[in-house]
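Please read the structure below before turning to the comments.
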Amino acid sequence: MPQAAAAVAERPTDVTARHPARHPSGSDFAPLLRTIKNRGLLDRRTGWYARSMAVNATALVGVCTGLFALGHTWWVLLLAPVLSVLCARTAFIGHDAGHAQITGNRAVARLIGLVHGNLLLGMSVGWWNDKHNRHHANPNHIEKDPDVAADILVFTAKQARLRAGFRSWLTRNQAWLFFPLTLLQGIAMKVYGFRDLRRQSPRERAVEGPLLVVHLVGYVTLLLTAMPLGHALAFAALHQALFGLHLGMAFAPNHKGMEMPDPGGERWGHLKRQVLTSRNIRGGALTDWLLGGLNYQIEHHLFPSMPRPHLRLAQPLVRAHCHAVGMSYAETGPVDSYRQVLRHMHEVGEPLRVE
């Protein structure tokens, strides 16, 4: 058993056992942070990540080998779902690197992100980190969180009332279109990365741009070398669609339908800002693996640099602390989480359906 896990197992899980619910400074978060640090849950798990990256890389090589073995038969399409799942694992590693969960060395973390994001997936880590850091700073804040800005989808009734034409039709039906649209998410993230090169500094662009091109050329070359054109087109379409769906199913339940801070209202503290806007998904080891640890969204938002294997260990501490300070802690099953997301998307479009 890892040292941090053993420490948690040996100590009481009630965070209020040794610390008051509110720190003398007035912070509801300070005693929880101190407990988490004392349990070693912010200590990095370099070995765990090294093994995860090695296993993922080996599996990717195995699938690429399988493409050449099955490329001239339609059986090769069976490898597309496998590759989509492995690409999602790759994205989760890049995500964790961006949060400094793997290493505190910024240069090494950036290298891991560039390899797993730009090179292997064709997704710009510069674009992702800029967008994702703004999301973490102000989750579900309509003016500050780019994830709830009005675009193809909208997230508030106020945003919906401003829609017209084709966008109005999209909003009226966005609950039905939500998951079909995620089939395009993998492609969209690649496009956003190329567009973001204009924002990046010349030094950053000189690294990210060529890696994005290398990925694109390498991906096309791999498929056209391993299989006929028709097979390659079908494989790419299936692979990219399932990859986008997988990412969408991992990210969708985390915040949609949760509280949205009033831009003109009171300023929320860190605990309230992160807990009330986030939703956890119940499940076991398979859920943890499929969702990349993002099913512990509350713990991840409270402690972004916490290594993924420690999120499960931190959960009972966070839940107990929220209970002690009288704060709700949202947790539900996978099916119900998607039901809540779709219900919210449907309700947002209601103003346009009653006109």
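The values are calculated or read from the model by the stated rules, or taken from the named source; none is laboratory data. Predicted, not measured: the structure shown is a model, and the values here were computed from it. Using ideal geometry, Cβ is built from the backbone for each residue, glycine included, and neighbour counts are taken over all protein chains shown.
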Considering only segment 63-86, I want to know if a residue exists there that is at pLDDT 95 or above, under 24 Å from the mean Cα position of the chain (by Cα) and either outside any helix (DSSP H, G or I) or closer than 15 Å to Trp48 by Cα (or both). no
Tell me whether segment 146-167 contains one or more residues that are touching an Asp or Glu at 6+ places or on another chain (Cβ under 9 Å) and under 16 Å from Leu114 (Cβ atoms). no
Of those in segment 125-174 that are hydrophobic (A, V, I, L, M, F, W, C), in a helix (DSSP H, G or I) and within 16 Å of Met189 (Cβ to Cβ), the residue nearest to the chain's Cα centre (by Cα) is Trp128
If Gly257 satisfies all but one of (1) of a type in the set (Gly, Ala, Ser); (2) under 19 Å from the mean Cα position of the chain (by Cα); (3) in a loop (DSSP other than H, G, I, E, B); (4) at pLDDT 95 or above, what's the number of the condition it fails? (4)
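For segment 242-263, state whether one or more residues are under 28 Å from Asp145 (Cβ atoms) and loosely packed, with under 15 Cβ neighbours inside 10 Å.
Checked against the condition, which is being under 28 Å from Asp145 (Cβ atoms) and loosely packed, with under 15 Cβ neighbours inside 10 Å, segment 242-263 yields at least one hit.
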Taking segment 297-317 and the residues there that are in contact with a strand residue (DSSP E or B) (Cβ under 9 Å, 6 or more places away or on another chain) and within 15 Å of Arg39 (Cβ to Cβ), the one that is surrounded by the fewest Cβ atoms within 10 Å (Cβ to Cβ) would be Gln315
Evaluate the following for Leu223: is it crowded, with 17+ Cβ neighbours inside 10 Å, in a helix (DSSP H, G or I) and not basic (Lys, Arg)? yes
Out of all the residues in segment 104-118, which are surrounded by fewer than 17 Cβ atoms within 10 Å (Cβ to Cβ) and either touching a residue at least 60 places away in the same chain (Cβ under 8 Å) or not in a helix (DSSP H, G or I) (or both)? Gly104, Asn105
Quick check on my filter: what residues within segment 24-62 are outside any helix (DSSP H, G or I) and surrounded by 14 or more Cβ atoms within 10 Å (Cβ to Cβ)? Ser27, Asp28, Phe29, Arg39, Gly40, Leu41, Leu42, Asp43, Arg44, Arg45
Of all residues in segment 273-296 being of a type in the set (S, T, N, Q) and closer than 20 Å to Ser52 by Cβ, the one that is surrounded by the fewest Cβ atoms within 10 Å (Cβ to Cβ): Thr287
